[in-house]
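So the structure is just underneath, and the comments pick up after that.
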Amino acid sequence: MTSRNTAEHTTGGGRSRWSDLDRPPLNAAALRRALVREGGLWTELDVVQRTGSTNADLVARAEAGTAAEGAVVVAEEQTAGRGRLDRSWTAPARSGLIFSVLLRPQEVPVARWGWLPLLTGVAVATALSRAAGVDTALKWPNDLLVTVGGEERKAGGILAERAGDGVVVGVGINVTLRADELPVPQAGSLVLADAVNTDRDPLLRAVLRALEDWYGRWRAAGGDPAACGLQETYAAGCATLGRRVRAELPGDRSLVGEAVAVDGDGRLVLATDTGEREPVGAGDIVHLRPA
């Protein structure tokens, strides 16, 4: 790196952004060589040093018609990332994997597109189990949970947004976040969950390959989650099922019951204390501790 670039990337106190050797930058050229290929899903891959939101960037490109299906945008640092319900998502530079992908499943009925964040969760959990050696569970609808010191902690999340005739799916995963860097005490990271590998390059390759595989299966089945095995696989890895939960619903309503299933539309089905089964399609789910 030239001295000019080093100067540009120096933070307060004369410390270079690249001096944290535990957090090397991603190798964009190597990632493109590994992932962008003829006949594959991923058509382009860009790594940006800093942006407000990879989802917002890719949604804007999709709506302007300047991004093809399979476009991937990865950020080393995100300053205005959003989770569900417009919650903020920030982390130190190069401490996580932050990326968005553009999908256009035209052969799948729009009514089944709600499975895309759940499908992405299955792909991420599968990849992290293999590549990082971390057992990653899924909290419906889109949180990634790891175990730190015997406790469930949120280590990542997924956000899907409509973008013209497609969907942009954003993923954020805390990789090397240390305990003193956690945004809230309930958060976690792969390193705190004793990951055997925290090198972000192979982790990103593993996640995107798993996502390509599951997306291909789902699309080939016309989006039928049962036919492609997605519904069963999601249920097997979902930490919400079998738990007593509180669903905080739109309109300041809430519903308490046992989470008993994820239905064919991707909704969480609660068995309430009155014996009814209520499907929840949107809302915030709180895992309640046993009495």
Worksheet item: Cα convex hull of segment 66-204: how many Å³ per residue?
Response: 115
Worksheet item: Put +1 on the Cβ of each Lys and Arg and -1 on the Cβ of each Asp and Glu in the chain; which of Ala226, Ala239, Gly251 then has its Cα farthest toward the positive end of the dipole?
Response: Ala239
Worksheet item: Taking θ as phi - 60°, what are the ³J(HN,Hα) couplings along segment 182-188 by the Karplus curve (6.51, -1.76, 1.60), each to the nearest whole Hz, with x for Gly and Pro?
Response: 5, x, 9, x, 7, 7, x
Worksheet item: What whole-number value in Å² describes the accessible area per residue of segment 167-291 for a 1.4 Å probe?
Response: 47
Worksheet item: segment 258-291 to segment 97-166: how many Å between their Cα centroids?
Response: 19
Worksheet entry | 10 Å beta-carbon shell around Ala91, net charge (K/R +1, D/E -1) | -1
Item to complete: Taking the Cα centre of segment 174-272 as origin, sum charge times position over the Cβ atoms of Lys and Arg (+1) and Asp and Glu (-1), and report the length of that vector in debye to the nearest 20.
Response: 100
Item to complete: Between beta-carbons, use under 13 Å as the cut-off and find the net charge around Gly229, counting Lys and Arg +1, Asp and Glu -1.
Response: -2
Fill in: In Hz, Karplus ³J(HN,Hα) per residue of segment 136-141 (6.51, -1.76, 1.60; θ = phi - 60°; x = Gly, Pro)
10, 9, 10, 9, 4, x
Worksheet item: P(r) tail for the chain, what percent of Cα pairs lie past 36 Å?
Response: 15
Practice prompt. Figure the gain on full extension for Arg205 and Ala80 (residue separation times 0.36 nm, minus the Cα-Cα span) and round it to one decimal in nm.
Written response: 42.5 nm
Worksheet item: In the Gaussian network model of the chain, springs joining C-alpha atoms below 10 Å, which of Gly70, Gly257, Gly40 carries the largest mean-square fluctuation?
Response: Gly40
Item to complete: State, to one decimal in nm, how far the label point of Thr43 lies from the label point of Glu276, with both points 7 Å from Cα in the Cβ direction.
Response: 4.6
Practice prompt. Read phi for every residue in segment 238-254 and hand back ³J(HN,Hα) as whole Hz from Karplus 6.51 cos²θ - 1.76 cosθ + 1.60, θ = phi - 60°, with x for Gly and Pro.
Written response: 8, 6, 6, 5, x, 9, 7, 9, 10, 9, 8, 9, x, x, 6, 9, 9
Discussion item. For a quick check of your reading of the filter: which trypsin sites (Lys or Arg not before Pro) in segment 144-214 sit in a DSSP loop and have no more than 14 other Cβ atoms within 10 Å?
Written reply: Arg178
Fill in: Charge sum, other residues only, whose C-beta stays under 13 Å from Thr126's C-beta, Lys/Arg counted +1 and Asp/Glu -1
0
Discussion item. Using a Gaussian network model on the chain with a 10 Å cutoff between Cα atoms, which of Ser254, Ser100, Ser189 fluctuates the most?
Written reply: Ser254
Response to the item:
Non-local residues with an amide H under 5 Å from the amide H of Val148, with H modelled 1.01 Å from N and Pro and chain starts lacking one, are Arg153
Response to the item:
Taking r as the C-beta separation of Ala28 and Thr66 and R0 as 25 Å, the FRET efficiency to the nearest 0.05 is 0.85
Discussion item. Using square roots of five times the C-alpha gyration tensor eigenvalues, list the equivalent-ellipsoid semi-axes of segment 159-291 in whole Å, biggest first.
Written reply: 28, 24, 15
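The values are calculated or read from the model by the stated rules, or taken from the named source; none is laboratory data. Because the structure is predicted, anything quoted here is derived from the model rather than measured. Heads up, the Cβs are rebuilt from the backbone with ideal geometry, glycines too, and the neighbour counts pull from every protein chain shown. SASA here: full protein model, heavy atoms, side chains in, ligands and nucleic acids out. Shrake-Rupley method; radii C 1.70, N 1.55, O 1.52, S 1.80 Å.
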